Amino acid sequence: MTYLLHQAVIRAAETTPQQEALRCHGQSLSYAELAQRAASLARLLLAHGVQRGDRVGIYLPKSLESHVAVYGIMMAGAAYVPLDPFTPVARTSYVIGDCGIRWLVTGEERRANLPAILAAQPGLACLLGVAPGDDLTAPAIPWDQVWAEPAELPDLGLTEMDLAYILYTSGSTGDPKGIMHTHRSGLAFAQWAAATYDLRAEDRLSNHAPLHFDLSTFDLFAGALAGATTVIIPEAVTKFPASVARLMADERISVWYSVPFALIQLLQRGNLPARDLSALRWVLFAGEVFPTKHLRSLMAALPGPRYSNLYGPTETNVCTYYHVDALPEDSDETIPIGIVCENAHGLVVDADGQPAPAGQVGELVIRGPIVMRGYWGRPDMSERGFLRHEVFPHYADIFYRTGDLVQARPDGNLVYLGRKDRQIKTRGYRVELDEVEVALLAHGQVEEAAVFAVPDGDGSNLIAAAVIAKEGFQLSPDLLVEHLSSRLPWYATPARIDITQDFPRTSTGKIDRRALRERALASHL
């Protein structure tokens with residue numbers, strides 16, 4: 001019985017040892033090789049003092065080694081903590097210190113940054129994946145020495161409630177916080193995903209998301225449960241849509257999972273008509289709202305696969321899903337986030353935390369095995385993040401408060417209406433910033449739109465927006481204000497609309513609204 005995430009790899013190594021588990025840059029590892037290398041890494045970690053519940057950092061670009069590290073760390077009874085290899089050293093050092101990481105799996109690709117990290121975090125006890133040198137003040141062990149370790153491991157007595165991984169949020173909201181997931185929560189999601197999308201050994205899954213982004217857990221863990229092949233898309237390739245589309249065709253990707261932005265880029269710059277994507281049977285997307293007009297175009301360009309919208313904050317893995325059918329040409333209505341996943345329970349609650357009447361807007365709260373353990377080292381934040389509600393008489397369970405406002409349609413599907421913290425008061429009125437974004441995106445010449453609040457100098461807020469025009473079109477703020485006047489009340493119209501060529505983005509591909517806000521403030525809005 002599988003109750004630990006890495007047991008899926010061990011089982012596949014026993015039943016289909018020669019099946020490809022991972023592919024990257026034309027190289028591959030079978031399940032037998034993956035299991036053996038992961039066990040060798042685990043043995044070395046244990047020999048260097050790693051104990052059950054410790055945190056081990058992964059500071060590597062996506063590669064075969066980075067994915068081996070995921071399983072090796074868990075086999076050692078520790079939790080893996082993926083560090084964004086392209087973020088500033090100060091942020092990497094902050095996460096290492098905040099999470100109490102003492103062992104770092106890294107590589108020569110990141111060697112130039114290691115002296116600065118070691119200076120900021122002298123508690124690092126060991127570096128794996130790099131050769132020793134005078135520039136390093138901690139013991140270093142190269143990969144060939146790691147792979148030379150025996151693969152036999154002791155029984156550590158791990159349970160499904162042991163920590164498996166900690167993901168630090170990034171990009172848009174101040175200091176990052178560590179979200180703790182257990183083997184139970186990761187496996188509950190992976191089992192649901194493998195069953196819902198009928199993953200099979202012959203499938204080839206795309207690993208587009210970086211390891212520090214929660215979308216990667218689908219590619220890794222659901223794929224391993226099915227004994228499928230995960231094709232790692234290196235970060236350098238993800239920057240070029242035509243290269244991604246070529247890789248999809250060459251590798252015969254059958255299940256794709258990414259943020260909508262990556263799919264929009266493929267649609268517009270991937271030269272999809274020239275690619276043989278006949279192996280593609282499912283296209284999954286999550287992380288942000290997919291503008292309906294862009295999804296409609298993608299479905300027309302790639303009519304063969306099925307499409308699914310997956311929703312869920314990192315704290316819950318995925319908690320709702322919606323299979324997208326044909327989209328009417330005459331509607332840009334937001335795509336629903338769907339129904340709550342099996343083996344999870346969702347409620348829509350009012351401001352007092354009580355179940356809201358049917359059809360009323362409220363906050364989505366979720367309970368079940370998919371939910372995180374809490375925030376690392378922040379019990380106060382963990383306490384605020386959960387709602388205690390009496391599900392049955394004399395039994396109060398805890399629900400994670402997503403902070404997302406939703407509304408149930410008559411057919412039972414939930415529609416995402418925005419963040420609680422994206423509701424602002426301006427000019428004496430309450431405005432949902434996400435509603436303004438949807439209205440801007442409805443303009444036929446708008447490619448992307450982002451809306452954010454800036455202070456008005458009098459203790460209140462003004463609405464600002466940034467817009468990217470479709471290629472070949474010229475937009476003006478006046479034209480967009482005229483468009484919004486027929487869709488929004490006057491007080492919800494942005495005080496300023498900037499037409500720009502590109503948006504700043506987080507390392508996971510999401511629009512960095514905080515950076516946009518800082519840009520607007522710097523220009524003296």
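Just so it is clear, none of the values below were taken in a lab; they were calculated from the coordinates. All figures in this text were calculated on a predicted structure; none of them were measured in a lab. Note that we place each Cβ from the backbone using ideal geometry, even for glycine, and neighbour counts take in every protein chain shown.
Relative to the longest principal axis of the Cα atoms of the chain, the long axis of helix 89-99 lies at roughly 70 degrees. With respect to the chain, whose longest principal axis is taken over its alpha-carbon atoms, helix 241-250 is tilted by about 50°. State the Cα centre-to-centre distance between the range 409-425 and the range 143-219 in whole Å. After rounding, the separation between the Cα centres reads 29 Å.
Taking the convex hull of the alpha carbon positions in the chain and averaging its projected area over all directions gives 25.6 nm². Could you work out how far the C-alpha centroid of the range 1-62 sits from that of the range 116-137, in angstrom? So the two Cα centres are separated by 24 Å. Scoring 27-38, 7-18 by mean Cβ neighbours within 10 Å over their residues and listing the highest first yields 27-38, 7-18. If you plug the beta carbon distance of Gln445 and Glu109 into 1/(1 + (r/R0)^6) with R0 = 41 Å, you get a FRET efficiency near 0.50.
If r is the Cβ-Cβ distance from Ala131 to His25 and R0 is 30 Å, what FRET efficiency results, to the nearest 0.05? Approximately 0.90, to the nearest 0.05. Which of the aspartates and glutamates could a cross-linker bridge to Lys239, judged by Cα under 15 Å and excluding same-chain residues fewer than eight apart? Of all the aspartates and glutamates, those that pass the test against Lys239 - Cα under 15 Å, at least 8 places apart if same chain - are Asp502. Between amide H atoms placed 1.01 Å from N, distances below 5 Å from Phe386 occur with Arg401, all of them 5 or more places distant or on a separate chain.
Return the FRET efficiency for the residue pair Gln51, Tyr3: r is the Cβ-Cβ distance, R0 is 22 Å, and the value is rounded to the nearest 0.05.
Efficiency at R0 = 22 Å is approximately 0.60.
Remark on the range 427-522: hydrodynamic radius 13.7 angstrom, per the Kirkwood mean of 1/r across alpha carbon pairs.
Taking the C-alpha atoms only, the angle from helix 183-196 to the longest principal axis of the chain is near 70 degrees. Of the three principal axes defined by the Cα atoms of the range 7-182, the extents in descending order read 45, 36, 32 Å. Taking only the Cα atoms of the range 215-265, the radius of gyration and Dmax are 11.2, 31 Å.
Most simply put, the chain has about 60% antiparallel DSSP beta bridges, counting only bridges with both residues inside it. Annotation: extensible slack from Thr16 through Ala300 equals 98.5 nm (criterion: 0.36 nm per residue apart, minus Cα-Cα distance).
As a rough footprinting exposure proxy, the listed residues Thr159, Thr500 were ranked by other beta carbons within 10 Å of their own, and the order from fewest upward is Thr159, Thr500. In this structure, the amide hydrogen of Asp456, modeled 1.01 Å from its nitrogen in the peptide plane, lies closer than 5 angstrom to those of Asn461, Leu462, counting only residues at least 5 positions away or on a different chain.
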